[in-house]
Amino acid sequence: MRFSKQKGGAGALEAHHERTKEKYASNPDIDTSKSKNNFHIVQPTSSYKRESDNRIEAAGCRIRKDSVRFVDTLITASPDFFKGKKREEIKTFFQTAVDFLSRKIGRDNIFAATVHLDEKTPHKHLCFTPITEDGRLSAKEIIGNRTQLTKWQDDFFAHMVKKFPDLERGESASVTGRRHIPTRVFKQAVNLSKHARKIDALLNDINPLNAGKRKEEIRAELNKFFPQMEKQETMFRKYQKEFSFLEQENSSLEKKLESSKPSVMAQLEVGKQQQEIIFLRQFYASVPEEYKAAYRASQQKQQPKQER
């Protein structure tokens, strides 16, 4: 269970949760042909913004410009937990999770709970307004600090394991000292590494006969690649400590592979994504300086001239 505080508009997030778009370039794991299998446990009656605004207004909450207007909650489990489970069992799992949150934050605060079955692992996005019992808008009070978040996870596991005894509690961040790396970071890296491999193949294919034409192709591809990679590199630096942990874990898990435990296999899958990130960063560092210099020069030309 993971919380994400939302302060502004909810258009992009709502489009993702409610599957209102035909394509999702930022998330290649979505199979839109299976989106018809998604379902609501709590059906929103209007837009997410209106849902949260109506509740805030009805409660008479005082708000600031930086107030958290609603919280997006992701609930899921490992792929192995869901393997072989029928739709009704999956529905029961997520309904049990909604029951827990209803008790903790108040059922009236929840305005959407959507289950996605069109990605690799079933998961639910639940949105609620963080309104306290005495009518204040306070995500800080409801969600709390790191210690309180650990208590949230402990209570959530204790609630869920009563009905699903095969669940295992994940290792607490308070013990590991690690932050959660957003799933999108891995997905974007895997997607971007495909582009990098295409460019890498072009670089390796340069010869005296095709050098001129091939360099133009490479430059065009890199001009598309560099802006995305620069954003990704910023994220990599932010989670450098966590990536280092993953790399160490993956190395030790390879040695345990003969145990064939589902938990080990699931963690190795994360390790494969980590390898994509390592490849991506190594490729980015290895791009010949002439191409980087040409890209920087083109960016400078595009910038508007400053008035003197």
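In plain terms, the chain from ARG50 to LYS21 could stretch by 8.5 nm, reckoned as 0.36 nm per residue minus the Cα-Cα distance.
Give the shape of the stretch 1-94 as rounded, prolate or oblate, defined through the alpha-carbon gyration tensor: a ≥ b ≥ c are the square roots of its eigenvalues, a/c under 1.5 means rounded, and otherwise the shape is prolate if a/b is larger than b/c and oblate if not.
Details: a/c = 2.14, a/b = 1.73, b/c = 1.24.
Prolate, because a/c is 1.5 or more and a/b exceeds b/c.
Placing a label point 7 Å from the Cα of SER138 along the Cα-to-Cβ line, the residues of the stretch 48-71 whose backbone N sits under 18 Å from it are 56-57, 59-71. Once backbone amide H atoms are built at 1.01 Å from N, PHE39 has VAL115, LEU117 as its partners under 5 Å, excluding neighbours fewer than 5 places away on the same chain.
Net charge around GLU290, counting only other residues with Cβ within less than 15 Å of its Cβ (Lys, Arg = +1; Asp, Glu = -1)?
So the surrounding residues net to +1.
If r is the Cβ-Cβ distance from LYS36 to GLN240 and R0 is 51 Å, what FRET efficiency results, to the nearest 0.05? With a Förster radius of 51 Å, E is 0.80.
Over 27 Å between Cα atoms, which of LYS49/LYS194; LYS7/LYS83; LYS120/LYS194; LYS36/LYS104; LYS21/LYS162 qualify? Long pairs (Cα-Cα over 27 Å): LYS49/LYS194; LYS7/LYS83; LYS36/LYS104; LYS21/LYS162. Of all lysines in the structure, those lying under 21 Å Cα to Cα from LYS198, and not within fewer than 8 positions of it along the same chain, are LYS187, LYS213, LYS215, LYS224, LYS231, LYS272, LYS292. Once the Cβ-Cβ distance of GLN300 and GLU217 is raised to the sixth power relative to R0 = 35 Å, the FRET efficiency obtained is 0.95. Between ASP154 and SER286, what FRET efficiency follows from the Cβ-Cβ distance if R0 is 45 Å, with the result rounded to 0.05? The calculated FRET efficiency here is 0.50.
Stretched out fully, how many nm does the piece from ARG146 to ARG197 gain, at 0.36 nm a residue minus the Cα gap?
The ARG146-ARG197 span can extend by a further 14.4 nm.
Values in this text are rule-based calculations from the coordinates and carry no lab data. The structure presented is a predicted model; accordingly, all values stated were derived computationally and were not measured. Every residue, glycine among them, receives a Cβ derived from its backbone with ideal geometry; neighbour counts consider all protein chains shown.
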